[in-house]
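Nothing in this text is a laboratory measurement; each read-out follows from the coordinates by a stated rule. Source: prediction; values computed, not measured. Neighbour counts are summed over all protein chains in view; Cβ atoms, including those assigned to glycine, are modelled from backbone coordinates with ideal geometry.
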Amino acid sequence: MEQLRVFSGIQPTGNIHLGNYLGAVKNWVERQDLYENIFCVVNSHAITIPQDPKILKEKTYELCAMLLACGIDPKKSTLFIQSEVQEHTSLAWLLTCITPMGDLSRMTQFKDKSQKNPKNIFAGLFNYPNLMSADILLYKSNLVPVGEDQKQHIELARDTAIKFNRDYGELFIVPEPLIQSEGARIMGLDDPTKKMSKSSGDKPNHLIALLDDSDTIMKKFKKATTDSEGIIAFDKERAGVYNLLTIYQCFTKESKEKIENDFAGKGYGELKAKVAEAVIEGLKPIRETYLKLTNEKDYLQKILKEGADHARSIAQVTYKEAKEKMGLI
Ligand code: AQP
């Protein structure tokens, strides 16, 4: 039986954080043996918000090294940088020409990000979902493992694939999102009503970066916003405690019942310390491997070149088919 193909991406827009890790990357790593995997650092997505070119370049390589440190194995997964395969932006243009403006206007990420940067709203941000559809459809991907915030974009990619196949002839696979039950939406520690996000990283206590040292992680958790009820339970209505318990569960892999029993009668101070300890322990091997990889620049370049060559060989075939079906020479 043919293996299902997985595609997913991550933007080099800042420091990779616990939300990116628990919502997406950890899932990619743990399921590598099940699928044919293609993972991409989506730097062309990053420029939909203004970036400093020098920093963007640095962050792109840092993120590639970090994905390897998290456990992406180049023998099992293709890893590459999006802008190295030009078919992503080429196919995005074809898809842009068949996507209704109304569908793009409904995207909540566009609304959120344009509210955060009202003076810097560019057409690229509006068109971001078409580039994401191109990323996924180019590889005829069956599954797209993402956090909950990307679900709406995948629904659009599905609609686009269906529309293209209907109007121009069968070509694309209609992809399915793969969203896990725990950790699909990790919230900011400072404000558990808002998703943990790289672009809010300037708020000192918002996110846990995967490279934060143990003291910083402990300090940030100790300051995490909770409530005054004093009961430790998986209650979605109490977002701060729920978020801490979810993070704890993702690292310890214990059941909700066991966690609630273990914390019964304990205070928030103890909860925060235990969550911080679990996170410190879980991130330690990642940080250590990352530091080793920063001295192996040639190895990283080699992996990324091989990854881009492989990705391009698939992408070129799909793009040529799409172009011909639309009547382009
Ligand atoms: N808070 C989160 N909880 C769970 N999953 C999350 N993801 C992002 N934030 C959370 C998932 O991480 C993957 C990579 O995301 P991305 O870098 O492509 O873009 P994003 O979703 O916009 O993530 P950020 O951190 O909020 O970045 P900025 O601030 O640059 O927009 C995706 O699978 C995403 O679902």
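Observations, loosely collected:
- Of all residue pairs spaced 6 or more apart or on separate chains, those with beta-carbon atoms under 7 Å, a first member in the range 77-94 that is under 14 Å from C64 (Cβ atoms) and a second member that is in a loop (DSSP other than H, G, I, E, B) are S77/Q32; L79/I72; Q82/V42.
- Cβ-Cβ under 9 Å pairs, at least 6 apart or on other chains, the range 112-125 side of a type in the set (K, R), far side assigned to a helix (DSSP H, G or I) and near the ligand (Cβ under 10 Å from one of its atoms): K113/Y128; K113/S199; K116/S199; K116/S200
- Scanning the range 23-39 for residues that are closer than 21 Å to M196 by Cα and in a strand (DSSP E or B) turns up nothing.
- Cβ pairs under 6 Å, 6+ apart, first in the range 214-225 and part of a loop (DSSP other than H, G, I, E, B), second of a type in the set (A, V, I, L, M): A224/L189
- Residues satisfying the stated conditions in the range 98-115, i.e. surrounded by 16 or more Cβ atoms within 10 Å (Cβ to Cβ) and in a loop (DSSP other than H, G, I, E, B): T99, M107
- Verdict on A239 being within 16 Å of the ligand (Cβ to nearest atom), within 30 Å of I38 (Cα to Cα) and either touching a residue at least 24 places away in the same chain (Cβ under 8 Å) or surrounded by 20 or more Cβ atoms within 10 Å (Cβ to Cβ) (or both): no
- Residues of the range 48-67 satisfying the condition of being among the aliphatic types (A, V, I, L, M) and surrounded by 17 or more Cβ atoms within 10 Å (Cβ to Cβ): I49, L63, A65, M66, L67
- Residue count for the range 167-189, restricted to those that are in contact with a strand residue (DSSP E or B) (Cβ under 9 Å, 6 or more places away or on another chain) and outside any loop (DSSP other than H, G, I, E, B): 4
Okay, residues lined up against (1) more than 12 Å from the ligand (Cβ to nearest atom); (2) of a type in the set (A, V, I, L, M, F, W, C); (3) surrounded by 15 or more Cβ atoms within 10 Å (Cβ to Cβ):
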site	(1), (2), (3)
L178	no, yes, yes
L189	no, yes, yes
H206	no, no, yes
D213	yes, no, no
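- Some residue of the range 242-256 being charged (D, E, K, R) and in contact (Cβ under 8 Å) with a residue 40 or more places away in the chain: no
- For the range 116-157, a tally of residues being within 23 Å of L22 (Cα to Cα), more than 10 Å from the ligand (Cβ to nearest atom), surrounded by fewer than 23 Cβ atoms within 10 Å (Cβ to Cβ) and not hydrophobic (A, V, I, L, M, F, W, C) returns 3.
- The condition of being among the charged types (D, E, K, R), more than 12 Å from the ligand (Cβ to nearest atom) and touching a Lys or Arg at 6+ places or on another chain (Cβ under 8 Å) holds for only one of E62, E36, that being E36.
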